[in-house]
Each structure stands twice: as C-alpha cells, then as structure tokens.
Amino acid sequence: MSTRVRDAILPFALAEVAVHGFSDAGLKAAAEKAGVNSAELKAAFPNGGASLVEAFSHWADERMAERMREDRSERTRERVAHAVKTRLDVLAPSKDVARRAAAFLALPQNAPLAASLMMRSVDLMWRAAGDRSSDFSYYTKRALLGGVYGTTLIHWLSDSSEGHADTWAFLDSRIDNVMQIEKFRGQAREWVAKLPHLLGIFGSGGRS
C-alpha cells in the first residue's frame, strides 16, 4: 500500500517543493491534497524529506528505463549516452525540483543517501543500455558513469542554452571516459587469447 500512497502523493509533494522544499511540511500539505492520512503518509515517507528525494529519484529512474526500451542504438557508447540524456530529459519539466534535490543531497548528512541514489541510477542506466556484466568491470563501469553523470547533471542544472545543447556537447566530450573500461576489456581478451601462443614461443625459446 505504501507504494500506491507514495505514487498518489508524489506529484502533489513535488508541487510543494518550491514553497516548502523537501520537508515534512511539504509532505503534509501534499497528503492533505491527495486525501492521505498521517499514518499512511508516515508509512510511505518514513524519513520525511529524505524519503521524498528518494521517491523523486526513483521516479526519474523508472521513467528513464521505460523510455530506453525504445532505444535501437547499436553501439554501447550511444546507448549509455542516450540513457544519461533520457534521464535528464525526464527531469527537465521539474528542473527546479531537481536543482533543489541536488542541493539537498549535497548536504554532508545526506551523503549516504546521495551515494545510494547515484549507484541505483547509474546501474539502471547501464542495464537500460544492455549491460549485464557481473565481473570486475561491474563496479568500475558504474563508478565511471557516476562521475560523468554527476558532472553532466551539474552542467545541465545551470545550462540555459537552446535545448540544453551545451550540456549534450559536454556529455559527448565526457562519455568516452566511461567507455575506456570496454576498451580495456577488449585488449585484455586479445591478450588472453594470445597467451597460449606466447607461452609456446617462450617454451620453444627455453628449449633451444
């Protein structure tokens, strides 16, 4: 039931952010408009404003994943860049709310929540781009994309260019950093494939 209540309150709560920020007061006002009682509100948003930021981030993740199902790009680089762009496009109608959420998460006491939400977002971006890795590259990929997404988000929040053109140019210049792990994996596979041949050369050299 808490998920249903959360979904019912969320649009009202986001409308209150401009006045109340991410706070209990904003949630209370939203609950009244949604016809939700205090017990249901507490169950849906147990940590008050922090739970609201979390719900907003999860909502953006889910919308991004839905839209990415239509992506037909063949190259991993294009799919990853599209996932980043799609999530920001989802946030665009609520840019001021996103800006306030970023400020909320930048507070020292909210660092664990910020890290958790970032990890969830970049994990879903990679999965939406078709990644199913479970080896050593899993965390490296997500750490690299987290850095790119975080800096692109900051750029986007202050971008007033037509259609956020400056942000997309910024993203395009940074996305290659994320793809370095794919390049390294390819080189590693080639090296491993050549290993038996190299061992044979060394073995032959040792016998001569």
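Brief remarks follow.
- Out of Ala25, Ala81, one residue alone is surrounded by 19 or more Cβ atoms within 10 Å (Cβ to Cβ) and not aromatic (Phe, Trp, Tyr). It is Ala81.
- Within segment 11-29, the set of residues being more than 15 Å from Arg100 (Cβ to Cβ) and not basic (Lys, Arg) comprises Pro11, Phe12, Asp24, Ala29.
- Selected residue (criterion: nearest to Ser94 (Cα to Cα)) from residues of segment 34-76 that are surrounded by fewer than 13 Cβ atoms within 10 Å (Cβ to Cβ) and of a type in the set (Asp, Glu): Glu62
- Among residues of segment 135-154 being hydroxyl-bearing (Ser, Thr, Tyr) and at pLDDT 90 or above, the one that is nearest to Ala60 (Cα to Cα) is Tyr149.
- Tabulated pairs, segment 57-71, first under 14 Å from Leu10 (Cα atoms), second open to solvent by 70 Å² or more (accessible area, probe 1.4 Å), C-beta under 9 angstrom, 6+ apart or interchain: Ser57/Arg120; His58/Arg120; Trp59/Asp7
Yes/no matrix, rows are residues, columns are (1) within 22 Å of Gly26 (Cβ to Cβ); (2) open to solvent by 70 Å² or more (accessible area, probe 1.4 Å); (3) not in a helix (DSSP H, G or I):
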| site | (1), (2), (3) |
| --- | --- |
| Ala92 | yes, no, no |
| Lys95 | yes, no, no |
| Ala101 | yes, no, no |
| Asn110 | yes, no, no |
| Asp131 | no, no, yes |
| Ser134 | no, yes, yes |
| Lys141 | no, no, no |
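- Across segment 155-171, the qualifying residues are those that are under 14 Å from Asp96 (Cβ atoms) and open to solvent by 40 Å² or more (accessible area, probe 1.4 Å), and the one among them that is farthest from the chain's Cα centre (by Cα) is Ser160.
The values are calculated or read from the model by the stated rules, or taken from the named source; none is laboratory data. This is a predicted model, so every value here is computed, not measured. Please note: Cβ atoms are built from the backbone with ideal geometry, for glycine as well, and neighbour counts cover all protein chains shown. Please note that ligands, DNA and RNA were not included when accessible areas were found on the heavy atoms of the full protein model with its side chains. Shrake-Rupley method; radii C 1.70, N 1.55, O 1.52, S 1.80 Å.
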